[in-house]
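Beneath this line is the structure, given in structure tokens, with notes to follow.
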Amino acid sequence: MKKLTIQEIANATHARILAANLEEAQQKTICHVTQDSRQAGEESLFVPLKGKNSDGHDYLKSCMEKGVAACFTEREMTPENGCVLLLVENARAAMLQLAKYYRSLFDIPVVGITGSVGKTTTKDMIASVLSQKYNTLWTLGNFNNDLGVPLTLFRLEESHEAAVIEMGMNHFGEIHRLVDAVRPHIGVISNVGVAHIEHLGSREGILKAKCELFDFMDEKDVAVLNGDNDMLATLDGKLSQKVRWFGVENKRDVYADNIEAVGLEHTRCTIRTPEGSMDVVIPMPGAHMVLNALSAVTVGLEMDFTLDEIKGGIENFVPTKDRMTIMRLENGLTLLNDVYNSNPVSAKASLDILKDVEGRSVAFLGFMGELGEFAPQMHREVGAYAAEKGIDLLICIGNHSDQMAAGAKDAGMKEVYRFDTQEEFWEKGLDLLKKGDTILLKASRSMGFEKTVEKLQGVK
């Protein structure tokens, strides 16, 4: 992180400086921003955030005692031990304001990404392409909210030549605030599904919230959109930015055909672009991964990458942990570890992969969150989809697992079991599994399905 003076920080965040010596404090510098008091040091700015069960202000005294350079505070108090306090109305909002200022110090191309499904994989794929030519910063994991985005921006260094920033949301206005700081030149929307419909009311509401991505983009900037998505297709001719479309069914700017699975680990396809065609092997299973690759191709072309550079980025792509990771265990089980998150669209896409495996197919599916009043219906639909795809055994866990199980049974599936918790499954259901099974594990992040992944690795 570039060094910032206390005066710069105060100006950016409209903070009042509290210090024993104001003139000296104004010239003091920091080169690290953190919300974790354990990581705060002599050149750090500590941001005290309020949570459900904690308040970072409780750690201000200890930060001052150990010589932290500066701290935001929402409480007027006396600074100690040479620490500078910056009085702000809201520390979390001030952190985002500071990130906006810090971003403005870098004149580099920035790609902003959002979407209901697949935005993290899309982000990683685009970053892999850009890294073929540029020293690229990108969001780690899914650090995509009003904490993660600022922390990502603060990782920018003079050596960076491009950035790829993921932005998520649960409510209206959240992406608007994030994109004000990020200021992307290229905005990518992977799709509009049903995730967060509990808070946004409808898919039309979700589309409106996602389109906040373009609120601070100029006419010369570029919107990269999934033309196969029915909601995004309604934006045709309605955006002020230049629009580039990608898809499989939609054959406009960048599209793919000749899609086929290559074993369980890879997907082969031919990608067609205005600059020519290329055969690509994507190091991930599933036809839906083709769309992620197409978005990366489209961004690469807009940034004047050659087809060879783009192909290299896609074929050297490394996915985020727990995103459809293939695990072949010594006990004879094969795991499709996709426990990072789940919603109806991504669950169905994962079941599409499972249906083509050799041997017995087992789906281990858990609760999908943020569906509101639509939750019973959508859990039932996923259960029915598992049956329609010919999955051999379905194990349902957690909230609405009864609906998921009922949907599968009503669609004709015979081997269906449900458990209230993972622990109950470990106690009563492990014997349902057989050597040679291929098991898909997928649920919302809150379920913590990685615990079952670990448990299955220990099964004899």
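The values are calculated or read from the model by the stated rules, or taken from the named source; none is laboratory data. Keep in mind that this is a model prediction, so the values were computed, not measured. Every residue, glycine as well, gets a Cβ built from its backbone with ideal geometry; the counts of neighbours run over all protein chains shown.
Being under 23 Å from THR334 (Cβ atoms), modelled with pLDDT of 95 or more and crowded, with 20+ Cβ neighbours inside 10 Å is a property that GLY383 has. Of all the listed residues (GLY118, GLY168, GLY173), the sole one being buried (at least 18 other Cβ atoms within 10 Å of the Cβ) and either out of contact with any Lys or Arg (no Cβ under 9 Å at 6 or more places or on another chain) or in the same structural domain as ALA70 (by TED's automatic domain parsing) (or both) is GLY118. Of ALA347, ALA375, ALA408, which residue is in a helix (DSSP H, G or I), farther than 28 Å from VAL281 by Cα and in contact with a strand residue (DSSP E or B) (Cβ under 8 Å, 6 or more places away or on another chain)? None of the others qualify; the one that does is ALA408. If you check LEU87, LEU153 for being crowded, with 24+ Cβ neighbours inside 10 Å and in contact (Cβ under 8 Å) with a residue 40 or more places away in the chain, only one passes: LEU153. In this entry, ALA411 is excluded by the filter for residues that are in contact (Cβ under 8 Å) with a residue 24 or more places away in the chain and surrounded by 22 or more Cβ atoms within 10 Å (Cβ to Cβ).
In segment 285-298, is there at least one residue being at pLDDT below 95, assigned to a strand (DSSP E or B) and surrounded by fewer than 23 Cβ atoms within 10 Å (Cβ to Cβ)? No: segment 285-298 contains no residue that is at pLDDT below 95, assigned to a strand (DSSP E or B) and surrounded by fewer than 23 Cβ atoms within 10 Å (Cβ to Cβ). One residue stands out among those in segment 121-150 that are more than 11 Å from the chain's Cα centre (by Cα) and of a type in the set (S, T, N, Q): the one that is surrounded by the most Cβ atoms within 10 Å (Cβ to Cβ), which is SER128. Considered as a group, the residues in segment 15-56 that are over 31 Å from the mean Cα position of the chain (by Cα) and part of a loop (DSSP other than H, G, I, E, B) include one that is surrounded by the most Cβ atoms within 10 Å (Cβ to Cβ), and that residue is ALA15. Here ARG183 meets each of (1) within 23 Å of the chain's Cα centre (by Cα); (2) more than 19 Å from GLY300 (Cα to Cα); (3) not polar (S, T, N, Q) with one exception, condition (2).
Among the residues of segment 192-205, at least one is among the hydrophobic types (A, V, I, L, M, F, W, C), modelled with pLDDT under 95 and under 15 Å from ILE113 (Cα atoms). The single condition among (1) surrounded by fewer than 23 Cβ atoms within 10 Å (Cβ to Cβ); (2) closer than 19 Å to GLN241 by Cα; (3) among the β-branched types (Val, Ile, Thr) that VAL188 does not satisfy is (1).
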